[in-house]
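The values are calculated or read from the model by the stated rules, or taken from the named source; none is laboratory data. Note that the coordinates shown come from a computational prediction; the quantities given were computed from them, not determined experimentally. As a convention, Cβ positions derive from the backbone with ideal geometry for all residues, glycine included, and neighbour counts pool all protein chains shown.
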Amino acid sequence: MPRGTRRLPKECLRLLGEADLILHAGDFVGLSVFAELGELAPIQGVAGNMDDAELNLRLPKRRIVEADGLLIGMVHNPGPALGRAERLVQAFPGCAAIVYGHTHVPEAVQLGQTWVLNPGSPTERRSADHHGMIGLETTDGHLDVRTYVL
């Protein structure tokens, strides 16, 4: 999340402002960022490895969120790349999607009926080709996944 002079892109802010719920897979960095996002829409998140002590006390390392009857698992650090999707699906049984962070590399793969998703980062792309985020839309028990290049 934004540090120093970095800010969320306008398109990211627009999409978050239209959301019914924001899911954040960690590295808010500070409680102020969590609070600012919460002003745009209700927010659920997990603690990241770069988050301050206050956030680490407030946010769980893993969580399952219900959205329109669908379960979405969340974790910051998904572990090693080899076997990642399979491991996450096993760790979050019954979830329609698992959202993870940490790598900053966008990913949207479906394993069986479960989506394994990393939105990337809208502010710090590191080794990714682009900044990114993911939008999820639920309709009648179906999950539509939309990736955004920012």
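Could you check the stretch 50-74 and list, in sequence order, the residues that are within 15 Å of Ala96 (Cβ to Cβ), among the aliphatic types (A, V, I, L, M) and either touching an Asp or Glu at 6+ places or on another chain (Cβ under 6 Å) or surrounded by 20 or more Cβ atoms within 10 Å (Cβ to Cβ) (or both)? Before the answer, list the steps.
Filtering the stretch 50-74 for residues within 15 Å of Ala96 (Cβ to Cβ) gives 63-74.
Next cut, among the aliphatic types (A, V, I, L, M) only: 64-65, 67, 70-72, 74.
Scanning the stretch 50-74 gives Ile72, Met74.
Quick check on the stretch 100-150: of everything there that is in a strand (DSSP E or B) and of a type in the set (Gly, Ala, Ser), which residue is surrounded by the fewest Cβ atoms within 10 Å (Cβ to Cβ)? Give the derivation first.
Looking only at the stretch 100-150, we keep the residues that are in a strand (DSSP E or B), and these are 100, 107-111, 114-118, 132-139, 142-149.
Keeping just the survivors that are of a type in the set (Gly, Ala, Ser) gives 108, 132, 135.
Details: Ala108: 16, Gly132: 22, Gly135: 14.
Result: Gly135.
Would you please list the contacts, defined by Cβ atoms under 8 Å and residues six or more apart or on different chains, that run from a residue in the stretch 30-42 that is farther than 15 Å from Leu59 by Cα to a residue that is part of a helix (DSSP H, G or I) and among the small types (Gly, Ala, Ser)?
So the pair list comes out as Leu40/Gly17; Ala41/Gly17.
Do we find a residue being out of contact with any Cys (no Cβ under 9 Å at 6 or more places or on another chain) and modelled with pLDDT of 95 or more anywhere in the stretch 121-133? Lay out the reasoning, then the answer.
Kept after step one, since they are out of contact with any Cys (no Cβ under 9 Å at 6 or more places or on another chain), are these residues of the stretch 121-133: 121, 124-130, 132.
With the extra rule that they be modelled with pLDDT of 95 or more, the set shrinks to none.
Checking the stretch 121-133: not a single residue is out of contact with any Cys (no Cβ under 9 Å at 6 or more places or on another chain) and modelled with pLDDT of 95 or more.
For residues that are touching a Lys or Arg at 6+ places or on another chain (Cβ under 9 Å) and part of a loop (DSSP other than H, G, I, E, B), scanning just the stretch 27-49, find the one that is farthest from Ala97 (Cα to Cα).
Gly30
Given the options Gly45, Gly17, Gly30, Gly38, name the one that is farther than 17 Å from His131 by Cβ, touching a Phe, Trp or Tyr at 6+ places or on another chain (Cβ under 8 Å) and either surrounded by fewer than 16 Cβ atoms within 10 Å (Cβ to Cβ) or of a type outside the set (Asp, Glu) (or both).
Gly45
Could you list, in sequence order, all residues of the stretch 118-135 that are over 15 Å from Leu15 (Cβ atoms) and without any contact (Cβ under 8 Å) to a residue 60 or more places away in the chain?
Scanning the stretch 118-135 gives Arg125, Arg126, Ser127, Ala128, Asp129, His130.
Name the pairs: first residue in the stretch 58-79 and on the phi > 0 side of the Ramachandran plot, second residue assigned to a loop (DSSP other than H, G, I, E, B), Cβ to Cβ under 9 Å, at least 6 apart or on different chains?
Asp68/Asp20; Asp68/Asp140; Asp68/Gly141; Gly69/Gly141
With the condition kept exactly as written, say whether any residue in the stretch 94-110 is more than 14 Å from the chain's Cα centre (by Cα), at pLDDT below 95 and among the aliphatic types (A, V, I, L, M).
So far as the stretch 94-110 goes, no, none of its residues is more than 14 Å from the chain's Cα centre (by Cα), at pLDDT below 95 and among the aliphatic types (A, V, I, L, M).
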